[in-house]
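Structure record follows, encoded as structure tokens.
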Amino acid sequence: MRISSGPINKGKVSVQVKTVLGQIRETLQIDPSEWLELLELTPKQYQSLLVPRAQVPLEVILRVAERYNLSLDSIFRNQIDFGVLAQRHQGNTSSIPGRYLPAAYSRTQTARVVFDFLEKKYGSFQTVAAARYLQISVQELIQKDQPINFQFYMDLFGYVHRSHRPKTGFYLEMGLHSTRVNKHGHLGTLFGSLESSQVVYEKMLGDLMPLFEKNNAYQIRKMNSEKALVRCDQNEEVASALKLRWIGSRHICEWKRGVFAGLPGYIGQPAASVRELKCVHRGDSHCLFEFDYSRRLSLN
Amino acid sequence: MAKNAYSNTNRLLRAGRKYRNLTQTEVAKHIGVDQSAYSRMEKGLQNIYIEQWLMFCELAGIPVDSAQYGCIDFLTPVTISHEKNEGGFKIAKDFSRFRATSNRNTALLLEYAAHCLGPEKLDEFLESKKLDRDFFLLTGSTLNIDFELNLLKTLIQKSDYSKNDLVNIPKALSKNQIHGRLGNNYLKDQNPLSNIRRFVENVEFYEKNFSWKILEENSHQVVLSVTPEEHLGESKFTSDPILQDHYCRYQRLLLENTTSHTQTKPVSIVEKECLYKSTVFRRCVYQVAQ
């Protein structure tokens, strides 16, 4: 099941919500009287609510959302993972929604940088709200590095975008934050002794990327002491497993531009100027990035 | 203030509508009801259906989950403002210069005031200050520090408030809308000292009257300073004969209870420097230990 990031379909929302309510009740095997008590409805009121064209009062949904720690938005979008809901109900908070498990070729550690950036921009508020929406425990996700698929990042970015409509450059800045966070870790140690930005790009895009993720294949097409031209092709296996024509989104591409533009930061150089000459989200068959490390990145 | 997260949706309708300077007729037309029906919704006399809520959120540009959190929160840090309006809400002149305290920060004191004075008297107080109570549902909106000081003074003068009464503040902390969208989950899984760090990191979402800095930290304690910003220079908040050091005590309790309300054992706070008690100090310094 994929999270839709567009507007909620208001025409179908009552029908969807009633389906979700039924599934919650079934999953958690809630006794009819307990269910009515939770909804604060009489049996007669509940029966009339089940009539196909009947609208659902907001307060009914709020009671359910509050009781089971679900986001209102995720109920309206009919995207609850009922397996996770059942596990949470039994006290297990570490499970990851099933939609994030097929083709899990990313690592949850990457999310650490994203959440760190979101906290700096929007406070812990955003983390709490996003975690509730995605049905994940941020603490567990970050502490235990585990495989997760690209859909997770697509949903997270989609949620952030819908919640805040960030300005142009937001995701680029988020990508640049990656260098700031990782500079004092293994990557900082590994790259710190390299002599030039060119070598850093060579090492990262040529050798290391396959170790970080298998969602995309990166290929250095041209490289000299000033610039690198990098082609990015999606892994069709991932696209097929996630039932997507193109994995990622234009926001994720902007984030990647930031991640890679920041690479010279590991050797104390300013972020490189970056252009995305081709992008699958603009109708091209692959993405093509040009990094110019002889020029400083301008965020304006 | 509302008693729980879902009893104030009607007030959210009004707050969102006024914030966007919309008339009842405009909103009613958009959500497909007549004006009188919409008016009943705002008064809490008529059900709001989910479709109507979604259409309202779309029109007013507010987050859908506002209904869940009982407030309208755009998750924006405080920026100091001198504006006399917040959308359609008028900000009284007394509170519009150097607006740097967000309603997220004031929410706790308002809950506490409702507990001490009773909701009716609190409404009277707000009316006397020419403030609309629904304005306080806009979590990121601001007033200047004088509002909180005025409210504290009123509590001291008009309620059975005693110096120790501030300890009742934790009762208000159980309310869902305290901290806005942080809801009940804010700081839940952290230990108190991590919570202090997190609170300080997030302080710009609460207020910009004071600069909060962590001076020292280790696994047992955190030492932090709270220094008034320049714009408070003209305020007499440290030398008010009625307030004395109550604002300092309030801030300390806020810190203590915000950051340890899920723990059985609260943190201990020792005040190493206090700008309210001595003219020598230009800041308060707290040593917080587990």
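What about A:Phe117, is it within 14 Å of another protein chain (Cβ to nearest Cβ) and either outside any loop (DSSP other than H, G, I, E, B) or at pLDDT 90 or above (or both)? Considered against the rule, which asks whether it is within 14 Å of another protein chain (Cβ to nearest Cβ) and either outside any loop (DSSP other than H, G, I, E, B) or at pLDDT 90 or above (or both), A:Phe117 comes out as yes. In the condition set (1) more than 22 Å from A:Asn149 (Cβ to Cβ); (2) in a loop (DSSP other than H, G, I, E, B), A:Leu244 is compliant with all but (1).
What are the residues in segment A:36-62 that are of a type in the set (S, T, N, Q), within 13 Å of chain B (Cβ to nearest Cβ) and free of Cβ contacts under 8 Å to residues at least 12 places away in the same chain, if any?
A:Gln45, A:Ser48, listed by residue number.
Taken over segment B:203-233, the criterion of being within 23 Å of the chain's Cα centre (by Cα) and free of Cβ contacts under 8 Å to residues at least 60 places away in the same chain is satisfied by B:Val203, B:Phe210, B:Ser211, B:Trp212, B:Lys213, B:Ile214, B:Thr227, B:Pro228, B:Glu230, B:Gly233. As a summary of the residue check, A:Val238 satisfies the conditions (1) within 23 Å of the chain's Cα centre (by Cα); (2) within 19 Å of A:Gln109 (Cα to Cα); (3) in the same structural domain as A:Asp284 (by TED's automatic domain parsing) except for the one numbered (2).
Listed here are the residues, each with its yes/no results for (1) touching a residue at least 12 places away in the same chain (Cβ under 8 Å); (2) part of a helix (DSSP H, G or I); (3) of a type in the set (A, V, I, L, M, F, W, C).
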{"residue": "A:Phe125", "(1), (2), (3)": "no, yes, yes"}
{"residue": "A:Arg132", "(1), (2), (3)": "yes, yes, no"}
{"residue": "A:Leu141", "(1), (2), (3)": "yes, yes, yes"}
{"residue": "A:Asp145", "(1), (2), (3)": "yes, no, no"}
{"residue": "A:Met154", "(1), (2), (3)": "yes, yes, yes"}
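Out of A:Ala65, A:Ala111, A:Ala129, one residue alone is more than 14 Å from every other protein chain (Cβ to nearest Cβ) and among the hydrophobic types (A, V, I, L, M, F, W, C). It is A:Ala111. The condition of being within 11 Å of chain A (Cβ to nearest Cβ), surrounded by 15 or more Cβ atoms within 10 Å (Cβ to Cβ) and without any contact (Cβ under 8 Å) to a residue 60 or more places away in the chain holds for only one of B:Leu59, B:Leu13, that being B:Leu13.
Only residues that are buried (at least 21 other Cβ atoms within 10 Å of the Cβ) and over 20 Å from A:Val181 (Cα atoms) were counted in segment A:104-127, giving 1. Checked against (1) over 30 Å from B:Met41 (Cα atoms); (2) surrounded by 15 or more Cβ atoms within 10 Å (Cβ to Cβ); (3) of a type outside the set (D, E, K, R); (4) outside the structural domain of A:Asp155 (by TED's automatic domain parsing), A:Gln29 passes all but a single condition, namely (2). Restricted to segment A:205-220, and to residues there that are over 30 Å from A:Lys243 (Cβ atoms) and in contact (Cβ under 8 Å) with a residue 12 or more places away in the chain, the residue that is surrounded by the most Cβ atoms within 10 Å (Cβ to Cβ) is A:Gly206.
Restricting attention to segment B:71-104 and to residues that are assigned to a loop (DSSP other than H, G, I, E, B) and under 13 Å from B:Ile145 (Cβ atoms), the residue that is nearest to the other protein chains (Cβ to nearest Cβ) turns out to be B:Val78.
On the basis of being in contact with a helix residue (DSSP H, G or I) (Cβ under 6 Å, 6 or more places away or on another chain), within 13 Å of chain A (Cβ to nearest Cβ), in a helix (DSSP H, G or I) and within 28 Å of B:His115 (Cα to Cα), does B:Gln68 make the cut? Give the derivation first.
Values: in contact with a helix residue (DSSP H, G or I) (Cβ under 6 Å, 6 or more places away or on another chain): yes; within 13 Å of chain A (Cβ to nearest Cβ): yes; in a helix (DSSP H, G or I): yes; within 28 Å of B:His115 (Cα to Cα): yes.
When the stated conditions are applied, B:Gln68 passes them.
So A:Glu254 ticks every box in (1) touching a residue at least 24 places away in the same chain (Cβ under 8 Å); (2) more than 20 Å from A:Asn149 (Cα to Cα); (3) within 22 Å of the chain's Cα centre (by Cα) but one. Which box is left unticked? Evaluating A:Glu254 over (1) touching a residue at least 24 places away in the same chain (Cβ under 8 Å); (2) more than 20 Å from A:Asn149 (Cα to Cα); (3) within 22 Å of the chain's Cα centre (by Cα) leaves (2) as the failure.
Considering every residue within segment A:272-292, establish whether at least one is in a strand (DSSP E or B), at pLDDT 95 or above and of a type in the set (Phe, Trp, Tyr). Yes; the residues of segment A:272-292 include at least one that is in a strand (DSSP E or B), at pLDDT 95 or above and of a type in the set (Phe, Trp, Tyr). Quick one: would you say A:Glu59 is surrounded by fewer than 15 Cβ atoms within 10 Å (Cβ to Cβ), modelled with pLDDT of 90 or more and over 20 Å from A:Leu156 (Cα atoms)? Criteria not met by A:Glu59. For segment A:175-185, state whether one or more residues are small (Gly, Ala, Ser), free of Cβ contacts under 8 Å to residues at least 24 places away in the same chain and surrounded by fewer than 16 Cβ atoms within 10 Å (Cβ to Cβ). Yes; the residues of segment A:175-185 include at least one that is small (Gly, Ala, Ser), free of Cβ contacts under 8 Å to residues at least 24 places away in the same chain and surrounded by fewer than 16 Cβ atoms within 10 Å (Cβ to Cβ).
Considered as a group, the residues in segment B:30-65 that are among the β-branched types (Val, Ile, Thr) and assigned to a helix (DSSP H, G or I) include one that is nearest to A:Ser163 (Cα to Cα), and that residue is B:Ile50.
The values are calculated or read from the model by the stated rules, or taken from the named source; none is laboratory data. Everything quoted here is computed from the prediction, not taken from an experiment. Every residue, glycine among them, receives a Cβ derived from its backbone with ideal geometry; neighbour counts consider all protein chains shown.
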